[in-house]
Amino acid sequence: MTQHDAIVVGTGFAGLYMLHRLHAQGLNAIVLEQGSDVGGTWYWNRYPGARCDNESLGYSYSFLPDLDQEWSWPERYSEQPVILRYLNTVADRLDLRRDIRFDTRVEAARFDEQSSTWAVSTAQGETLTARYLVMATGCLSVPNWPEIPGRDDFDGDVLHTALWPHEDYDFTGKTVAVIGTGSTAIQSIPKIAEQARTLTVFQRTANHCVPAQNMPMDPEVEAERKAHYPEIRAKSRLTRSGDFVPQGEVTLMALSSDKQQRILEDCWQQGGFYTQYPFNDVLTDPNANAIVTAFSHDQIRKRVKDPAVAELLCAKDHPFGTKRLCADTNYFETYNLDHVHLVNLKSTPIKAITASGIRTSARDHEVDVIVFATGFDAMTGALTSIDIEGRDGLRLRDKWAEGTRALLGVAMNGFPNLFTVTGPGSPSVMINVVPAIEQHVEWIDRCIDWMEQRGAQTIEPEARAEDAWVEHVNETANATLFPQANSWYMGANIPGKPRMFMPYVGGLGDFRRRCDEIADEGYSGFAVT
Ligand code: NA7
């Protein structure tokens, strides 16, 4: 058994930063990573068109001012290879690789009350122990393979967007099926269509989608940002979204109809999350939401030639923005191509995968390749797929059987010295995730330092503090339209998963203030031994 001060799981943005902070404290830390290199989400998701929906100039670490100045992001939104290159650069520059063990999958973690240590066992048959265990396993890291009978019978290639081959996959001349129409499918479908002989998209639910308006990086915008990076970073830490743009200043329902249309046109012109940022009522007032929905549907009807296809592509079963908003480049125009077809699974559901393709209730679709763009067991999947056992034999899977419970999304009653970066009950996926990660990592780092200074042995949330936070998370979500959608935020994409709105919608600034208060008060709401 190898003994460490801290074990971190995962080498995405979270794991790399956590290791850097633990190094700075002089602790003996090791990171275990299932992949063969760093990058987390950006290591695995290599599908054609994979790109970040957050703007490049805000989707990077805030603690590397020299790198901020040296680095050039080529486009407004970065492609996966660019972000992966950035993370590799960070890992090299901070000399992190020496404490990362790749190709190492964590299978179980057990807390030993006698020694107050975690024993972490890997699929490779090793057990490592540490006083602190930090799960930096990401919110979207366990691929969802839907239970469709017959997948193993298919004679062609089966791909999942979240487990994409590391060498380029060539669709040229192939008949291709894509299952799913979430963010990932919306990014990859136009790219796959460029190569495929035919492409058939199997859509169960249309998603709300806005134009990304991607473009080469404007040198003036970049120079301006570089001149003011520190101030902008500092301000972004206190905004709702972790991004530095005006937010929530417009009440849509207070405007005349003309003004509403003009501001929406302007938002669509700016693209991406700008379509949501200005408003303070779109995610709380169904009337305001209906106006944005109608506007967005009109844009789709203008872009798609076949009116019946356009109608199918308009999201109608959930309010605008209550599922993760998708950002597109040429997605809707792709359906104007003769070799691209849309199958509506609501009227003709998939019955099975056969040796030659996909069988719906209407007919067989023969294809060479099936691409599953079917998402993730989000927020909890990476944690519950590991057998985590805390105090008194309590298993995390059992604790969360009726819904997630955690204090600040960072720690859980019954699991001393276990920390989760961007766990359920924190802003995580509701905002720019890099500032969300940084806030959590810095809080964990400070907490571990405090423990070390006092010679304390264990820290864990008290049950009543955890209950109060869970109630606050629920109340905050229930004051919005978010719970009306069957989203992965709600666990609704995985059969049998408890329905509960998992992330915290109160915004980063207020969340950070609450977390800091708790730390300033000597970790109020936490039991320390
Ligand atoms: P999402 O957003 O969860 O989308 C998955 C898609 O797959 C969605 O359209 C689903 O339809 C569809 N799906 C899932 N299971 C099935 C079955 N059984 N049959 C047909 N269609 C199915 O995942 P993404 O990867 O696109 O995006 C996840 C996040 O990654 C994204 O928001 C960014 O934050 C990055 P449904 O809506 O469930 O009817």
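Helix-only mean residue ellipticity at 222 nm, the chain, DSSP H runs n ≥ 4 weighted -39,500 (n - 2.57), per residue, nearest 500. What is it?
So the calculated ellipticity at 222 nm is -9500 deg cm²/dmol.
What per residue convex hull volume, in Å³, do the alpha-carbon atoms of the chain yield?
Hull volume over Cα atoms, normalised by residue count, gives 150 Å³.
Defining a contact as two alpha carbons under 8 Å apart and six or more residues distant in sequence, what relative contact order in percent does region 1-85 show? Mind showing how you got there, number by number?
On the way: 87 pairs, mean separation 22.8, N = 85.
It rounds to 27 percent for region 1-85.
Compute the FRET efficiency between residue 449 and residue 127 as 1/(1 + (r/R0)^6), taking r as their Cβ-Cβ distance and R0 = 22 Å, and round to the nearest 0.05.
That pair, residue 449 with residue 127, gives E of 0.25.
Can you list the cysteines of the chain that have no other Cys Cβ under 4.7 Å away?
For the chain, the answer is 52, 139, 267, 314, 447, 515, because their Cβ atoms have no other cysteine Cβ under 4.7 Å.
So if R0 is 30 Å, what FRET efficiency would residue 294 and residue 158 give, r being the distance between their Cβ atoms, rounded to the nearest 0.05?
Computed FRET efficiency for residue 294 and residue 158: 0.20.
Modelling each spin label as a point 7 Å along the Cα-to-Cβ direction, I'd like the residue 145/residue 401 distance in nm, to one decimal.
The two pseudo-label positions are separated by 2.6 nm.
Distance check, please: which entries in 323/497; 191/316; 316/346 exceed 21 angstrom between their Cα atoms?
In this structure, 191/316 lie more than 21 Å apart at Cα.
Return the long-range amide H neighbours of residue 327 (sequence gap of 5 or more, or a different chain), with a cut-off of under 5 Å between placed amide H atoms.
Residues meeting the amide H criterion: 210.
Exposure proxy check: 66, 298, 112 ranked by fewest other beta carbons within 10 Å?
Ordered from fewest to most neighbouring Cβ atoms within 10 Å, 66, 298, 112 come out as 66, 112, 298.
Would you work out the relative contact order for the chain, in percent, from Cα pairs under 8 angstrom that are 6 or more residues apart? Don't skip to the answer; put the middle values down first.
On the way: 1059 pairs, mean separation 103.0, N = 529.
For the chain, the relative contact order is 19 percent.
Between residue 311 and residue 235, what is the FRET efficiency for a Förster distance of 51 Å, r being their Cβ-Cβ separation, to the nearest 0.05?
Efficiency, rounded to the nearest 0.05: 0.75.
Which of the lysines could a cross-linker bridge to residue 226, judged by Cα under 30 Å and excluding same-chain residues fewer than eight apart?
Within the straight-line cut-off, residue 226 pairs with 235.
Take each of the peptides 185-195, 144-154, 417-427, average the number of other beta-carbon atoms within 10 Å over its residues, and list them starting from the highest.
417-427, 185-195, 144-154
Is the C-alpha gyration tensor of region 181-303 telling us rounded, prolate or oblate? Criteria: a/c under 1.5 is rounded; beyond that, a/b larger than b/c is prolate, otherwise oblate.
Details: a/c = 2.09, a/b = 1.19, b/c = 1.76.
Oblate, since a/c reaches 1.5 and b/c is not below a/b.
Any aspartates and glutamates with Cα under 13 Å of the residue 305 Cα? List them, leaving off those in the same chain fewer than 8 positions away.
Straight-line reach from residue 305, under 13 Å: 333, 338.
Quick check: the angle from helix 257-270's long axis to the longest principal axis of the chain, C-alpha only, nearest 10 degrees?
70 degrees
Enumerate the calculated ³J(HN,Hα) couplings along region 372-384 in order (Karplus 6.51 cos²θ - 1.76 cosθ + 1.60, θ = phi - 60°), each rounded to whole Hz, writing x wherever the residue is Gly or Pro.
Each residue of region 372-384 in turn: 8, 10, 9, x, 9, 7, 6, 6, 10, x, 5, 7, 7 Hz.
Just so you know, all these numbers are worked out from the coordinates, no wet-lab data involved. In this text the structure is predicted, and so the values were computed from the model without any measurement. FYI the Cβ positions are ideal-geometry reconstructions off the backbone, even for glycines, and counts take in every protein chain you see.
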